[in-house]
């Protein structure tokens, strides 16, 4: 799913690409970023920095719901 949100204060447009694991979101987002000439933040990397371990390990230890809560917090 691709969504676009405009920030009224900065004028920036936030594009969010959400896809299932192994669906190819990273290559698609990199191509989109390159074509648009803009920066890219990988939410998976942000999440892993916050939790201090891999998403896989965190999900196994804390459960899917805990991971989704963390993911939602990062996207806000």
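The values are calculated or read from the model by the stated rules, or taken from the named source; none is laboratory data. Since the model is a prediction, treat every value here as computed from it, not as a measurement. Every residue, glycine among them, receives a Cβ derived from its backbone with ideal geometry; neighbour counts consider all protein chains shown.
For residue 73, work out the one condition from (1) modelled with pLDDT of 80 or more; (2) loosely packed, with under 10 Cβ neighbours inside 10 Å; (3) part of a helix (DSSP H, G or I) it doesn't fulfil.
Evaluating residue 73 over (1) modelled with pLDDT of 80 or more; (2) loosely packed, with under 10 Cβ neighbours inside 10 Å; (3) part of a helix (DSSP H, G or I) leaves (2) as the failure.
Looking only at region 59-67, decide whether some residue is modelled with pLDDT under 70 and part of a loop (DSSP other than H, G, I, E, B).
no
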